[in-house]
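Trainee: Quick one: structure below, then a few questions.
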């Protein structure tokens, strides 16, 4: 029994909190995933939503874990909250998914395998915690970065630029009010104001 | 004896006696004014309930309404109707004389509705009164006998009461709006099911409880049977069937259940499928069901010029956002797409968001139900009930079309909708971002300042060079399937002058060709020095393959990419406008002083696929786009445990069958 308890705690301490944002709809599907583990805090995204002045897409690491500790704590708290709520719901034959209002398509958060839709009690908390994390300082590790002034699109690997290619908004982006959408092959969509 | 019974009845119901003996107050004499008033009271919240004695029997109507509410709790009229019931005085109809009056009233009413007045008058009047007393099986002789006999059977008495009042109500319902008529049809179907249930019970319980239960079942059976028959006849009348045709409608006693259900379905379809004529409007809402599974909420009107207007009503909410700005934006988007909302035969359609004033000005029965929309200030994707304040027009249009009942057509796996049919052809419901710009005619106005360069090119007659010039700034490469052979060399750009390009304009976009490889203008742009910086997209032959053939394929494929490039660009500053190009273009560009206009006609014929257009103008008609509907209902379903979608038609894989676009 003691061994079991020890193993449970050990497992819990190694458990990474993974929250994914996904917004389904016609065409491109924006996604962002934040993972918090003891060793690292990472972000992977295929759209620069919330930050249209940050023209990067790909995988990131958090710049300074210590200065972001309060935001991380909130993130971990809401992760636990959703998991605990799901356990209670499951005990009564329910789940976040089952209780969600029916929608054709749209945004949701996924806490592990638990899907939380707008209208759920935890959605707003999740949204705030997730966006709070997004606003922290991140370092692009693998992905792309666009420089509109230099007309360049840089590819990064391990935090270093490995390739630069020309990039012209006029030809690469679909201009549609109120912003331009630029599809970056294999990476996602950059949204330009 | 008869007189005694009659007197006793009258003494029991003094108020009713007065009403029946005064022709002007007889509740079964229906005038157009009666009908109009009752229709309003039935369905119109804004019209106060009439103060005078009501025509409905509380009991009969409670029964009718209770059935309806059980089956369709969301029916719009029912709450009002129930409230009204609480204020009713009971009305009775139980003597020979009353029923004769009913006969006359209903016959008059029906006759006024018919073209062959006398024939129908006799037919319906006899038939209805016959039903009051003895049900379907009575013969004319029995009827005649009944008319001259006292009514002394308690069960029959109750049936007469219910039936005669129901008939009166039914007669009025003939002028009810579509929604109300639809509820009659639903009621008929419900009564049919109930009849069968009672029949089962009758057969089993009559053996055990011959006195109490049997009598109860018998009464209800009679009641249901009559209701079904009458409602079925009413359905027939609603569709202008002849007397003979109505007489041939299946009967609950003689025909199989499926035949009756079939006729009811057909009748319902006929009601919902009534074609719009110029000036007419239909409200389409989910209380009538939805052929696609997505609840529609709109009003469609056929204008005098034959075009269609789809009116939407949105109830927006959101804090800290400029709701009027979004409303304006939605209207602007709908306006922008107007020229591109075309039907398969060139019919026009416009989406329109109703303002509060426009809504107020509409007759009650033309007001679409509201669609709740939450507005957020953040940049997130919309759905039909959730809009970011800065939503793109393509999104606004896609979501607006959901409110007309159209379903999503993109891969629904991420949402768990693994049975969704996903056409290969582009559609506003599958990829609004890419389909939308291809469905509009656009004009790009460019600053073409340099006389010796930009202006020089467009004043000249080298059409290949002009084409090359407006295809700058975007990378062009072959599809992933050619990745093994082809790549863009970003490390070794080539600098070329206008003269050099001019010299090779006849073979553009070919850059260079050798025995083993071919290079194209993959990425090229204009430098500040008015030279072209070019990144070649080079394809090499595979080992041991027919190189000549491969190079021919590379050239053919790249030429397709080059010709198909949709993002034509300007050499300098530019603005884009959406403008319907009325005439076929003789030239896709026009130079006017320093302004160069590039015309980009829509690649798609319409923003809407043919069956999508047909679905919208057909409202809830279940037979107008059967293939589309059969596939659309799978849009929000998941595969079963075995990974299959049992029952999903194979034809949903055909774009032509589903959305009407040839593959």
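Every read-out reported here was derived from the displayed coordinates using simple, explicitly stated rules and does not represent laboratory data. No experiment lies behind these values; they were computed from the predicted model shown. Here Cβ is always computed from backbone atoms with ideal geometry, including for glycine, and neighbour counts include all displayed protein chains.
Trainee: Take every residue in peptide B:414-421, count the Cβ atoms of other chains within 10 Å of its Cβ, and give the average of those counts.
Mentor: 3
Trainee: Let me ask something additional. Alpha carbon centre of the range B:553-601 versus the range B:282-337: separation in Å?
Mentor: The range B:553-601 and the range B:282-337 have Cα centres spaced 33 Å from each other.
Trainee: On to the next question. How do the peptides A:151-164, B:598-611, A:41-54 rank, highest first, by the average count of neighbouring beta carbon atoms within 10 Å per residue?
Mentor: In descending order of packing, they fall as B:598-611, A:41-54, A:151-164.
Trainee: With no solvent and one equal point scatterer per Cα, compute the Debye intensity ratio I(q)/I(0) for the range B:444-600 at 0.08, 0.17 Å⁻¹ and report its log10, rounded to two decimals.
Mentor: At q = 0.08, 0.17 Å⁻¹ the computed log10 ratios are -0.26, -1.01.
Trainee: In 10 Å bins starting at zero, report the fraction of Cα pairs in chain A per bin as a rounded %.
Mentor: Going out from 0 Å in 10 Å bins, chain A shows 8, 30, 32, 20, 7, 2, 0 percent.
Trainee: Calculate the FRET efficiency for residue A:121 and residue B:356 from the Cβ-Cβ distance with a Förster distance of 45 Å, rounded to the nearest 0.05.
Mentor: 0.85
Trainee: Tell me, what is the FRET efficiency for residue A:76 and residue A:97 to the nearest 0.05, using R0 = 22 angstrom and their Cβ-Cβ distance as r?
Mentor: 0.50
Trainee: Where the convex hull is taken over the Cα atoms of the range A:21-95, what is its projected area averaged over directions, in nm²?
Mentor: Seen from a random direction, the Cα hull of the range A:21-95 projects 7.1 nm² on average.
Trainee: What do you get when you divide the Cα radius of gyration of the range A:109-182 by 2.2 N^0.38 Å, with N the number of residues?
Mentor: Compared with the compact-globule rule of thumb, the range A:109-182 sits at 1.54.
Trainee: Using only Cα atoms, locate the centre of the range A:121-145 and the centre of the range B:490-528, then give the distance between them in Å, rounded to an integer.
Mentor: Centre-to-centre (Cα) distance: 43 Å.
Trainee: Same structure again: Highest mean first, what order results for B:408-416, B:273-281 on Cβ atoms within 10 Å?
Mentor: My ranking of the peptides, most packed first, is B:408-416, B:273-281.
Trainee: Okay, next question. Would you tell me the mean number of C-beta atoms belonging to other protein chains that fall within 10 Å of each C-beta in A:160-171, as a whole number?
Mentor: For this peptide, the per-residue mean of nearby foreign Cβ atoms is 5.
Trainee: I would also like to ask the following. So for each of A:123-130, B:531-538 I average, over its residues, the number of other beta carbons within 10 Å; can you give me the resulting order with the highest mean first?
Mentor: B:531-538, A:123-130
Trainee: Residues of A:26-34, mean number of Cβ from any other protein chain within 10 Å of their own Cβ, rounded to a whole number?
Mentor: For peptide A:26-34, the averaged partner shielding equals 5.
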